[in-house]
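Q: The structure under discussion is supplied below as structure tokens; questions concerning it will follow.
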Amino acid sequence: MARLVQFDQFGGPEVLTLREVEAIAPQAGEVRIRVDAIGLNRAEIMFREGSYFDHPTFPSTLGYEAAGVVDAVGEGVDGLTEGDPVAVVPAFLQSRYGTYGDHVVVPAAAVVPRPADVDPVSAAAVWMAYVTAYGPLAESGHVQPGDHVLLTAASSSVGQAAIQIALRIGAIPIATTRTADKKQRLLDAGAAHVIVTDDEDLPARVKEITGGEGVRLAFDPVAGPGVETIALAVAPGGHLVVYGTLDRRTTPLPNAASYPALSTSTYTLFEITLNPERLRRAVAFVNSGLATGAFTPVVDRTFDLTEIAEAHRYMEASGHVGKIVVTVDHEAAR
């Protein structure tokens, strides 16, 4: 038997139920993982609410990230054996697979080796955040040493990873937060500058920090009408990359007559995780940063699997800095 978080209808955290179900055997191209830790993401809130691009078939599980050990291997899977410490990368649809459970089946293509010195909680906090930030900051070539980058909603796990990746490149991270409550924590996390958007004029502060030039890259998960303000902080020839939809209102395209010449685009980590060669490069980049200590996943708080609804409530409250991780106590479940 296995324990699996499922929900039967759209709604708030209360729809999540931890159930005992029959353990599923992995099919061809799949592996089963004995889960020790699960990383939570905003995408799972949206999936649970019915506002995500992917829609469940009920009863549905959910979840993109986990860390543990390989428990069983399906036919045709090479390079993974029972007992291997691994982590799960978001490289599948939640309508087909999920990681919220103590034994879960996922595609082998979404499983990466976990370095021996990376514990399960840290490993569960890595891949969504660091691969999301890796694409626009490191792989695209948009950011060079000495460039300023603007990271909005920087207290998120992706924002924290983006600060570390920018520093590793030699860029200068400018973080934003809505209120002053998180300012010092962002400075402690490595941000060179923090702009409190409720109190400060974002474009004016960016121009002041950059000597009037603006940033080479703005990396934004919020979207909505606020992108027009962010665009005013981008240097001519720079890039504005929107990677989320926290503000679910329409996102306008900045008017060419009112803004500097800049490139605007959307981005999701699936552009990398569903491409084997790009994923290979991303894994090498992130693992090298973990090995040298340049990358240290920021974990705000952990919950037990039995507290999954409370963990979602905590994430919805948006008071955290970094990742929320759910741990699995296998001994207590016996």
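Q: Using a 7 Å offset from the Cα along the Cα-to-Cβ direction at both residue 179 and residue 199, what is the distance between the two label points in nm, to one decimal?
A: 1.2 nm
Q: Could you list which residues have their amide H under 5 Å from that of residue 240, counting only those 5 or more apart in sequence or on another chain, with H placed in the peptide plane?
A: Amide H neighbours of residue 240: 218, 263, 264, 265.
Q: May I pose another question? Please list, in chain and number order, the residues 5+ apart from residue 77 or on another chain whose amide H is under 5 Å from its amide H, with Hs placed from the backbone.
A: Amide H neighbours of residue 77, under 5 Å, 5+ apart: 29.
Q: Calculate one ³J(HN,Hα) per residue across the stretch 4-16 by plugging θ = phi - 60° into the Karplus curve 6.51 cos²θ - 1.76 cosθ + 1.60, and present them in order as whole Hz with x for glycine and proline.
A: Along the stretch 4-16, the couplings run 9, 7, 9, 9, 10, 7, 6, x, x, x, 5, 7, 7 Hz.
Q: Could you please rank 143, 299, placing first whichever residue has the fewest other Cβ atoms within 10 Å of its Cβ?
A: So the ranking, lowest neighbour count to highest, is 299, 143.
Q: Follow-up. What's the ranking of 107-119, 86-98 by average number of surrounding C-beta atoms within 10 Å, highest first?
A: 86-98, 107-119
Q: Take peptides 57-69, 148-160 and line them up by average Cβ neighbours within 10 Å, highest first, as a rough protection proxy.
A: 148-160, 57-69
Q: Ranking 182, 207 by Cβ neighbours within 10 Å, fewest first, what do you get?
A: Taking fewest neighbouring Cβ atoms as first place, the list is 207, 182.
Q: Helix-derived [θ] at 222 nm for the chain: sum -39500 (n - 2.57) over DSSP H runs of at least 4, divide by residue count, nearest 500?
A: Calculated mean residue ellipticity at 222 nm is -7000 deg cm²/dmol.
Q: A further question on this structure: Taking the radius of gyration and the Kirkwood hydrodynamic radius from Cα positions alone, what is the Rg/Rh ratio for the stretch 132-269, to two decimal places?
A: Taking Rh as the inverse mean 1/r over Cα pairs, Rg/Rh reads 0.92.
Q: Between residue 57 and residue 330, 0.36 nm times their residue separation minus their Cα-Cα distance comes to what?
A: Gain in length upon complete extension: 95.5 nm.
Q: Just to confirm my numbers, what's the Cα centroid distance between the stretch 212-228 and the stretch 124-193 in Å?
A: The two parts, judged by their Cα centres, are 13 Å apart.
Q: Given H placed 1.01 Å from N in the peptide plane, which residues other than close sequence neighbours of residue 234 have an amide H under 5 Å from its amide H?
A: 215
Q: Let me ask something additional. Taking 7 Å along the Cα-to-C-beta vector as the label spot, tell me the residue 187-residue 213 distance in nanometres, rounded to one decimal.
A: Here the answer is 2.4 nm between the modelled labels.
Q: While we're on this one: Size of the stretch 127-168 along its principal axes in angstrom, Cα-based, largest extent first?
A: So the extents along the principal axes, rounded to whole Å, are 23, 17, 15.
Q: May I ask you to derive the FRET efficiency for residue 117 and residue 317 from their Cβ-Cβ distance with R0 = 35 Å, giving the value to the nearest 0.05?
A: According to the calculation, E is roughly 0.60.
Q: Right, here's the next one. In the stretch 138-159, which residues have a backbone nitrogen under 19 Å from the label point lying 7 Å from residue 265's Cα in the Cα-to-Cβ direction?
A: Only 138-145, 147-152 fall inside the zone, counting backbone N under 19 Å.
Q: Another question, if that's okay. Could you check the simple spin-label distance between residue 292 and residue 250, using points 7 Å along Cα→Cβ, in nm with one decimal?
A: 4.6 nm
Q: P(r) for the chain, please, calculated from all Cα pair distances in 10 Å bins and given in %.
A: Each 10 Å bin holds this share of Cα pairs: 6, 27, 34, 23, 10, 2, 0.
Q: Order by neighbour count: 53, 270, fewest other Cβ atoms within 10 Å first, most last.
A: So the residues, fewest neighbours to most, are 53, 270.
None of the figures in this text is laboratory data; all of them are computed from the coordinates on show. All values reported here derive from a predicted model rather than from experimental measurement. Quick reminder, even Gly has a Cβ in these numbers, built from the backbone with ideal geometry, and neighbours come from all protein chains shown.
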